[in-house]
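The values are calculated or read from the model by the stated rules, or taken from the named source; none is laboratory data. Computed from a predicted structure; not experimentally measured. We place every Cβ from the backbone using ideal geometry, glycine too, and count neighbours over all the protein chains shown.
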Amino acid sequence: MSDLLSNDEIAKLFDKAASGVTPEATKAGSGGPSKRTRGLRTIDFQHPRKFTAEHERALKRAVDQFCRTANRRLSTELRMDVELEVIDVSQLTWFNAHAQIPPEAICAPISADAAGESSQRMLLTAEQSLMLTFIERVLGGTQPSRERKLTDIDLVVAKRFFSAITDELSVVWNEMANSGLTLQRLLSQPEAGNLTSASDPTLAIVMEGRLNRQSSTVMLLIPYQVAETMLGEMAAGDPTDPRTARAVDAALRRVSVPVRAEVASMHLSLEDVLSLRPGDVLRFDVPVADGVRIMTDDIEVHAAVPGRAGRRRAVQIVPTPEDPGTTRAPSYPNTKN
């Protein structure tokens, strides 16, 4: 029997759904055994999945790096401790991400290019309480700020905060996307900060700002269309500058690594070790033909045979079945007392 529904049956299902009655509810209320419908799944449109987990981690690491540099700059300018820290990263639609902005927050669109002419923009927001504390400190005040409406002069001083934040964020963004960021303007009403379609996937990065024993939030909303080019390069795994790879390789080759020659090893319980007495014999059950092993930490890197180099004990690297074509070291390589 065919599982396809006729047009009349489909129309009846839509009528029931419009009235709030679903097939599952009808069967559950009747007390009979329920049967799962085929080909139906729940989709949460509030949480899109355009950004992969790898993309989220990469962007979070970048913003963590930005927070460290921004903390130093703001602490120097204000002559007091300032701490920015990422506390949440979530993927939402633009509508739902924008709805999380506090109603009294100050917003600043940021263009994703150094010239500031790009239509691809992100939105940076900061709570008014943080802005008031920043303004008071910049103007020489030391007392905690009181809630009030921001004046035109306040907005001019607040722009200095957003400019500093944008400069530090631009350094991190340039490392990932080879393009700078430009602050466009300040918006005292969050409603004016609608930069893209309401359904566009957006990564909302929430940071906590601690200043003068007050805690406020700073948000960065990154629409997917802004990060798409950069994320494409990350997914493609483009190689880095070969000069950088050679420099890293050369630096790693100069790292000192402890190496030891191990005849054999065995595992004993602590009780067995404590019961050992002079004259006891431990059998390793390793044939002499197997020689010794060259170890670094717990990793075997070569097989070798023992010998002497002058008055010093030494080992000679020998081929193994796994690497018969390996170029052999000189007769007596680096020695060890």
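Go through Ala70, Ala58 for me and flag whichever is part of a helix (DSSP H, G or I) and more than 14 Å from Ile165 (Cβ to Cβ). Before you say what the answer is, go through the steps one by one.
Details: Ala70 fails: more than 14 Å from Ile165 (Cβ to Cβ).
Going through Ala70, Ala58 in turn, just one is part of a helix (DSSP H, G or I) and more than 14 Å from Ile165 (Cβ to Cβ): Ala58.
To keep it simple, each residue is scored yes or no on (1) within 25 Å of the chain's Cα centre (by Cα); (2) of a type outside the set (Asp, Glu); (3) surrounded by 19 or more Cβ atoms within 10 Å (Cβ to Cβ).
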residue: Ile135; (1), (2), (3): no, yes, yes
residue: Arg146; (1), (2), (3): no, yes, no
residue: Asp152; (1), (2), (3): no, no, no
residue: Trp173; (1), (2), (3): yes, yes, yes
residue: Gly193; (1), (2), (3): no, yes, yes
residue: Ala198; (1), (2), (3): no, yes, no
residue: Gln214; (1), (2), (3): no, yes, no
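Scanning segment 83-103 for residues that are hydrophobic (A, V, I, L, M, F, W, C), under 20 Å from the mean Cα position of the chain (by Cα) and exposed (fewer than 15 other Cβ atoms within 10 Å of the Cβ) turns up just one, Ile87. Listed by first and then second residue, the pairs with beta-carbon distance under 8 Å, at least 6 apart or on different chains, first residue in segment 40-60 and farther than 16 Å from Gln225 by Cα and hydrophobic (A, V, I, L, M, F, W, C), second at pLDDT 75 or above and assigned to a helix (DSSP H, G or I), are Ala58/Met176. Does Glu191 satisfy being under 27 Å from Arg68 (Cβ atoms) and of a type in the set (Asp, Glu)? In short, no.
Given (1) β-branched (Val, Ile, Thr); (2) over 30 Å from Met176 (Cβ atoms); (3) at pLDDT 80 or above, identify the lone condition not met by Thr142. Here Thr142 clears every test but (3). Residue-level check: of (1) of a type in the set (Asp, Glu); (2) farther than 16 Å from Ile110 by Cα; (3) out of contact with any strand residue (DSSP E or B) (no Cβ under 7 Å at 6 or more places or on another chain), Glu208 misses just (3). Here is the figure for segment 68-80: residues that are touching a residue at least 40 places away in the same chain (Cβ under 8 Å) and surrounded by fewer than 20 Cβ atoms within 10 Å (Cβ to Cβ) total 6.
So for segment 239-260 (the condition being over 30 Å from Glu175 (Cβ atoms), surrounded by 11 or more Cβ atoms within 10 Å (Cβ to Cβ) and modelled with pLDDT of 85 or more), does at least one residue qualify?
Yes, segment 239-260 contains a residue that is over 30 Å from Glu175 (Cβ atoms), surrounded by 11 or more Cβ atoms within 10 Å (Cβ to Cβ) and modelled with pLDDT of 85 or more.
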